[in-house]
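This is the structure, below, for whatever I ask next.
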Amino acid sequence: MTRLVVGAAIIRDDRVLAARRVTPPSAAGRWEFPGGKVEPWESTEEAIVREIQEELGCAITVDHWLEGEAKIANTHVLIVARATLADGEPTPAEHDLIRWLSLAELDDVPWLDSDLPFLPELRAILA
């Protein structure tokens, strides 16, 4: 059975927040939309709000979900929400670095393969 994973494309001032992974070793140094696994008792929106609070110490509002989904190995499926900051300033707790990327900077970081399918729609949003 595949497990659902949610990510957040948090947008502020025509930039999107990206976070650099430290674990597992195969993902260390690569960038992602922060988020995590949906627990059985949660909706996808509840999960992404909780995960961002845990990982970045801030609150978000989900605007809408980006199109599509991406497989992570054979065990997980990723969906990504477009979100905005509702309260607080992102401070990484589980990542070693975060960056606000403009449209021109999206290709400046090595994204995780599972996050790549969401970049075309994100480019259109940031344009």
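Tell me yes or no: at least one residue of segment 71-82 is out of contact with any Phe, Trp or Tyr (no Cβ under 7 Å at 6 or more places or on another chain) and farther than 21 Å from Leu119 by Cα.
The answer is yes, given that some residue of segment 71-82 is out of contact with any Phe, Trp or Tyr (no Cβ under 7 Å at 6 or more places or on another chain) and farther than 21 Å from Leu119 by Cα.
Whether any residue in segment 30-39 is surrounded by 16 or more Cβ atoms within 10 Å (Cβ to Cβ), at pLDDT below 95, in a strand (DSSP E or B) and under 14 Å from the mean Cα position of the chain (by Cα) is what I want to check.
No, segment 30-39 has no match at all.
List pairs: first residue in segment 99-119 and of a type in the set (D, E, K, R), second residue part of a loop (DSSP other than H, G, I, E, B) anywhere in the structure, Cβ distance under 9 angstrom, at least six positions apart or on different chains.
Every condition considered, the pairs that remain are Arg99/Val109; Asp113/Arg30; Asp115/Arg30; Asp115/Phe33.
Among the residues of segment 21-48, write down those that are closer than 21 Å to Asp96 by Cβ and not hydrophobic (A, V, I, L, M, F, W, C).
Listed by number, the residues that qualify are Arg21, Thr23, Pro24, Pro25, Ser26, Gly29, Arg30, Glu32, Pro34, Gly35, Gly36, Lys37.
Residue under question is Ile52, and the condition is that it be surrounded by 14 or more Cβ atoms within 10 Å (Cβ to Cβ) and either farther than 26 Å from Arg3 by Cβ or modelled with pLDDT under 95 (or both); does it hold?
Answer is no for this residue.
The values are calculated or read from the model by the stated rules, or taken from the named source; none is laboratory data. Only a predicted model underlies this, so the values are computations on that prediction, with no experimental measurement involved. Here the Cβ is made from the backbone with ideal geometry for all residues, glycine too, and neighbour counts use every protein chain on show.
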